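Asker: Below is one structure. I have some questions about it.
The values are calculated or read from the model by the stated rules, or taken from the named source; none is laboratory data. Note that the structure is a prediction, hence the values are computed from the model and not measured. Every residue, glycine as well, gets a Cβ built from its backbone with ideal geometry; the counts of neighbours run over all protein chains shown.
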Amino acid sequence: MSDVVVVSTISDMRGLVKERMPAVVGFVPTMGALHAGHVSLIENARRDCDLVIVSIFVNPLQFGPEEDLGSYPRQPAADVEIAMGAGADKVFAPSRDELIGDEPLTSVNIAELDERLCGRSRPGHFAGVASILAKFFNIIAPDRAYFGEKDWQQFQIVRRMAHDLNYDIEIIPVSTVRDEDGLAISSRNRYLSAGERRAAVVLPRALEAARVKVEDGETRAGAIVELVKEMIATEPAVRLEYFSVCRPENLTDVDRITGDVLLAAAVNVGAARLIDNVVIRA
Ligand code: AMP
């Protein structure tokens, strides 16, 4: 295998993966601006796989017209160092032209799952995610691909896509990495001012309070919704977009809490839209 760390063309990537067959190939897709959450995904892949490939690609197809594609943080040199430090063998960083080219006519849509939770305010977002991941899966043909539980809906959608389209890829969830105060680490946290960053911690606190209440035996989803709404409302800088108590697999709301449930929320704080997800196992 060549010593070149960063691969930028599809043909080089295909060649590299073929060269290493039948090694177990692990894949960690990212949009760069790497942080401890990404590092955890890469470390998990390193433990399980012979060849670890990290993609860095700010996917234009998953941003809405009003969203932050232009201002999304980009730090390619630092990202390569972080990825290699965490155990990656190669970084795949194709340009937009290389990966997407002219306006594609084909897209991958996952019905129903993409309409719930974040799908309500981000139409087309998950189709954009799935369409780019399908390309990466076809180019890299990994055995295992790693996704953060922070983006639980994305993980479920990718898992369903892999199942429906017969990708022979194990889709592996990795626990959310949090800052000391509980806020899930996200590339978008850097949009927060110091005051907004302090206020944002109400999100994990509210989810944690909800989790404790469920584990103490509360079975009325409505009571959990009220609790979370009230807690978020104590921080005027934080606007709740949605909170849902739902089934972890199909993301449908529940009234009565029985079995496993997902607590899913999105908030807006200043210029940042932050999400968090907590799964409670029965
Ligand atoms: P992104 O670069 O934000 O598209 O994220 C790339 C991958 O990293 C996705 O699978 C995310 O779910 C995952 N990820 C992002 N933040 C975290 C975190 N705090 N903990 C664990 N995984 C994360």
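Asker: Quick one: GLY101 ticks every box in (1) touching a residue at least 60 places away in the same chain (Cβ under 8 Å); (2) out of contact with any Ser or Thr (no Cβ under 8 Å at 6 or more places or on another chain) bar one, so which box is it?
Answerer: Evaluating GLY101 over (1) touching a residue at least 60 places away in the same chain (Cβ under 8 Å); (2) out of contact with any Ser or Thr (no Cβ under 8 Å at 6 or more places or on another chain) leaves (1) as the failure.
Asker: Also, I was wondering about something else. Sort out for me the helices (runs of 4 or more DSSP H) sitting completely within the stretch 34-134 that have 1 or more residues that are within 13 Å of the ligand (Cβ to nearest atom).
Answerer: 36-48, 76-86, 118-121
Asker: So which pairs qualify, if the first residue must be in the stretch 150-166 and closer than 22 Å to ARG188 by Cα and touching a residue at least 40 places away in the same chain (Cβ under 8 Å), the second must be polar (S, T, N, Q) and within 12 Å of the ligand (Cβ to nearest atom), the Cβ gap must be under 8 Å, and the two must be at least 6 apart or on different chains?
Answerer: If the second residue must be polar (S, T, N, Q) and within 12 Å of the ligand (Cβ to nearest atom), the pairs left are LYS150/THR176; LYS150/SER186; LYS150/ASN277; ASP151/ASN277; TRP152/ASN277; GLN153/ASN277.
Asker: Residue by residue through the stretch 243-261, note down the ones that are at pLDDT 95 or above and polar (S, T, N, Q).
Answerer: Passing the criteria: SER244, ASN250, THR252.
Asker: A further question on this structure: Kindly provide the set of residues from the stretch 156-175 that are part of a loop (DSSP other than H, G, I, E, B) and crowded, with 20+ Cβ neighbours inside 10 Å, ordered by number.
Answerer: Hit for the stretch 156-175 is ILE169, nothing else.
Asker: Is the stretch 49-56 home to any residue that is surrounded by fewer than 17 Cβ atoms within 10 Å (Cβ to Cβ), closer than 20 Å to PHE137 by Cβ, in contact (Cβ under 8 Å) with a residue 12 or more places away in the chain and touching a strand residue (DSSP E or B) at 6+ places or on another chain (Cβ under 9 Å)?
Answerer: Step one: of the stretch 49-56, the residues surrounded by fewer than 17 Cβ atoms within 10 Å (Cβ to Cβ) are 50.
Subset that is closer than 20 Å to PHE137 by Cβ: 50.
With the extra rule that they be in contact (Cβ under 8 Å) with a residue 12 or more places away in the chain, the set shrinks to 50.
Filter once more, keeping what is touching a strand residue (DSSP E or B) at 6+ places or on another chain (Cβ under 9 Å): 50.
Checking the stretch 49-56: at least one residue is surrounded by fewer than 17 Cβ atoms within 10 Å (Cβ to Cβ), closer than 20 Å to PHE137 by Cβ, in contact (Cβ under 8 Å) with a residue 12 or more places away in the chain and touching a strand residue (DSSP E or B) at 6+ places or on another chain (Cβ under 9 Å).
Asker: Quick one: in the stretch 184-198, of everything that is within 9 Å of the ligand (Cβ to nearest atom) and assigned to a loop (DSSP other than H, G, I, E, B), which residue is surrounded by the most Cβ atoms within 10 Å (Cβ to Cβ)?
Answerer: SER186
Asker: Can you name the number of the only condition in (1) buried (at least 16 other Cβ atoms within 10 Å of the Cβ); (2) out of contact with any helix residue (DSSP H, G or I) (no Cβ under 8 Å at 6 or more places or on another chain); (3) in contact (Cβ under 8 Å) with a residue 24 or more places away in the chain that VAL225 fails?
Answerer: Every listed condition holds for VAL225 apart from (3).
Asker: What number of residues within the stretch 104-133 satisfy the criterion of being out of contact with any Leu (no Cβ under 7 Å at 6 or more places or on another chain), among the hydrophobic types (A, V, I, L, M, F, W, C) and touching a residue at least 24 places away in the same chain (Cβ under 8 Å)? Lay out the reasoning, then the answer.
Answerer: First, pick out the residues of the stretch 104-133 that are out of contact with any Leu (no Cβ under 7 Å at 6 or more places or on another chain): 104-112, 114-115, 118-127, 129-130, 133.
Narrowing further to those that are among the hydrophobic types (A, V, I, L, M, F, W, C): 105, 108, 110-111, 118, 126-127, 129-130, 133.
Right, trim to touching a residue at least 24 places away in the same chain (Cβ under 8 Å) and you get 108, 110, 118, 126-127, 129-130, 133.
Qualifying residue count, the stretch 104-133: 8.
Asker: Considering only residues of the stretch 18-29 that are over 12 Å from VAL174 (Cβ atoms) and either among the acidic types (Asp, Glu) or crowded, with 19+ Cβ neighbours inside 10 Å (or both), which is farthest from the ligand (Cβ to nearest atom)? Outline the logic, then answer.
Answerer: From the stretch 18-29, those over 12 Å from VAL174 (Cβ atoms) are 18-25, 27, 29; that's our starting set.
Now restrict to residues that are either among the acidic types (Asp, Glu) or crowded, with 19+ Cβ neighbours inside 10 Å (or both): 19, 25, 27, 29.
Details: GLU19: 26, VAL25: 17, PHE27: 11, PRO29: 6 Å.
Selected residue: GLU19.
Asker: So which residues in the stretch 7-17 are surrounded by fewer than 16 Cβ atoms within 10 Å (Cβ to Cβ) and not charged (D, E, K, R)?
Answerer: SER8, THR9, SER11, GLY15
Asker: For the stretch 239-265, enumerate the residues that are touching a residue at least 40 places away in the same chain (Cβ under 8 Å) and exposed (fewer than 14 other Cβ atoms within 10 Å of the Cβ).
Answerer: Applying the first criterion (touching a residue at least 40 places away in the same chain (Cβ under 8 Å)) to the stretch 239-265 yields 241-242, 244, 246, 248-252, 257, 261-265.
Those that are touching a residue at least 40 places away in the same chain (Cβ under 8 Å) and exposed (fewer than 14 other Cβ atoms within 10 Å of the Cβ): GLU249, ASN250, THR252.
Asker: If I filter the stretch 135-155 down to residues being more than 19 Å from ILE100 (Cβ to Cβ), of a type in the set (A, V, I, L, M, F, W, C) and more than 8 Å from the ligand (Cβ to nearest atom), which single residue comes out as surrounded by the fewest Cβ atoms within 10 Å (Cβ to Cβ)?
Answerer: Top of the filtered list is ALA141.
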